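Everything below concerns the one structure shown next.
The values are calculated or read from the model by the stated rules, or taken from the named source; none is laboratory data. Small disclaimer: the values here were computed from a predicted structure and weren't measured. Note that each Cβ is placed from the backbone with ideal geometry, even for glycine, and that neighbours are counted across all protein chains shown. For the accessible areas, the whole protein counts, side chains as well, though only heavy atoms, and no ligand, DNA or RNA atoms are used. Shrake-Rupley method; radii C 1.70, N 1.55, O 1.52, S 1.80 Å.
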Amino acid sequence: MSIYRAIEQETIRDGVLRTLGNLRDVIIKTLNDHPYLLDYAQEVKKARLEVAENFDYWIDRSMKILESRGCQVYHARNGEEARKIAGEIVGSGKIVVKAKSMVSEEIHLREYLQSLGNEVWETDLGEFIVQVAGDRPMHMIVPALHYSERQVMEILKRVGIRGSDAESLANGVREFMRRKFLKADAGVSGCNAFSAESGRVFLVENEGNIRLSTSLPEKYIALVSIEKILPGDDLALKSVFVQSAYVGTFPPAYINVNEKVDGQEMHVIFVDNGRKDTVFREHLACIKCGRCQLECPVFQLAGSIWGGEVYGGPTGMIWTAITEGIPESCFLSTLCGKCMEVCPSGIDMPEMIRKMRSALLTGRLEG
Ligand code: SF4
């Protein structure tokens with residue numbers, strides 16, 4: 001969809017504003033009630049940027065600890081390498097259940113595994129709706145925000161799920177998914193934070209589907225984009241607390257701390273894809289909470305269509321520049337600064353967007 005058509009589509013605007021209305025006060029109240037979360041956010045940012053100064057050391061250390069715990073570990077330089085590694089682990093003719101993960105979107109993993117002849121299912125409710133609709137996620141955390149209840153009803157009929165309201169539809173999806181979980185050969189997740197101290201993968205959620213996707217299948221694949229590496233468990237835990245607070249779900253219903261267990265293969269793929277050498281280093285502190293997206297006046301009009309193939313909105317401008325190349329639509333930013341104001345890491349996205357514009361105009365990208 002072109003950005004101009006997206007702007008005309010009222011459901012995107014309505015969905016973004018509805019979600020913002022639902023979440024803004026909750027987030028503000030959470031931060032007022034638990035002010036230490038603001039300190040955690042700063043600690044996590046500092047640690048992430050220190051790790052980014054010396055990625056080789058931290059990746060090597062992380063790989064060694066995982067190997068010592070019996071995991072199979074891989075380092076993918078780009079999306080294609082990451083896809084291939086995952087494809088070789090899964091094989092073909094398998095059932096794969098997938099937890100919601102932006103890095104898996106970034107490397108187009110679901111489509112690739114399907115092209116190998118696998119049945120692949122998103123297990124997050126919003127992602128599942130987007131998958132069945134043949135659409136793309138419209139927001140990092142609330143991917144199906146642009147659909148009304150009636151539209152969801154119609155979409156889910158395509159896979160035989162019927163219901164008359166949100167609750168009965170969610171129950172229908174749960175039943176559908178339960179059958180897939182029980183038959184799944186492989187489970188895939190991303191990672192909210194990775195501890196280089198223990199080799200543990202931290203994942204935060206409210207639905208419980210990540211827990212099932214990563215624990216029931218015989219093979220478990222964790223995709224860890226390298227900026228998620230933190231020195232220790234304490235920082236990893238603080239990171240998931242901050243993420244949960246900034247998506248309005250603090251305290252989270254589930255924090256999964258995944259490590260190798262008997263009877264299951266655990267594969268961990270570290271994904272670089274432009275991160276190690278980026279000049280947009282400060283953005284590696286982004287915890288992908290999606291708050292800047294909801295608050296951005298341009299995103300409120302066009303959703304994630306304003307951005308690259310995968311990432312949209314203010315944070316999406318920078319993630320696209322890191323992983324795909326500078327999007328020309330960076331010229332549509334108003335540079336109002338609201339993104340930076342609400343960002344838990346205080347990332348100066350307007351300044352980075354200015355640099356991107358200058359690079360497109362002059363052909364020189366300043367560090
Ligand atoms: S840039 Fe900041 S507000 Fe936006 S998604 Fe990342 S952490 Fe959240």
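For the reader, a short list of remarks on this structure follows.
- Segment 336-345: number of residues that are surrounded by fewer than 14 Cβ atoms within 10 Å (Cβ to Cβ) and either part of a loop (DSSP other than H, G, I, E, B) or near the ligand (Cβ under 9 Å from one of its atoms) (or both): 1
- Hey, Lys45 buried (at least 20 other Cβ atoms within 10 Å of the Cβ) and touching a helix residue (DSSP H, G or I) at 6+ places or on another chain (Cβ under 9 Å) or not: yes
- Summed over segment 292-315, residues that are surrounded by fewer than 24 Cβ atoms within 10 Å (Cβ to Cβ) and either in the same structural domain as Ala144 (by TED's automatic domain parsing) or not acidic (Asp, Glu) (or both) total 7.
- All of Ser104, Ser198 fail the test of being assigned to a helix (DSSP H, G or I) and either of a type in the set (A, V, I, L, M) or open to solvent by less than 60 Å² (accessible area, probe 1.4 Å) (or both), apart from Ser104.
- Contacts under 6 angstrom Cβ, first residue in segment 278-300 being acidic (Asp, Glu), partner in a helix (DSSP H, G or I) and more than 9 Å from the ligand (Cβ to nearest atom), 6 or more apart: Glu295/Lys338
- Selection status of Ile353, near the ligand (Cβ under 10 Å from one of its atoms), aliphatic (A, V, I, L, M) and open to solvent by less than 10 Å² (accessible area, probe 1.4 Å): no
- Leading residue by the ranking (farthest from the ligand (Cβ to nearest atom)) among those in segment 322-335 that are assigned to a helix (DSSP H, G or I) and touching a Gly at 6+ places or on another chain (Cβ under 8 Å): Ser329
- If you go through segment 181-195 and keep only what is aliphatic (A, V, I, L, M), part of a strand (DSSP E or B) and either within 20 Å of Asp56 (Cα to Cα) or over 18 Å from the mean Cα position of the chain (by Cα) (or both), you end up with Ala186, Ala193.
- Residue count, segment 279-298 (criterion: in a loop (DSSP other than H, G, I, E, B), of a type outside the set (Phe, Trp, Tyr) and within 14 Å of the ligand (Cβ to nearest atom)): 7
- From Leu49, Leu17, Leu66, residue being within 23 Å of the chain's Cα centre (by Cα) and not assigned by TED's automatic domain parsing to the domain that holds Gly232: Leu17
- Residues (over 15 Å from the mean Cα position of the chain (by Cα) and open to solvent by less than 10 Å² (accessible area, probe 1.4 Å)) located in segment 230-243: Leu230, Gly232, Ala236
- Residues that are open to solvent by less than 50 Å² (accessible area, probe 1.4 Å) and under 24 Å from Val240 (Cα atoms) are absent from segment 1-9.
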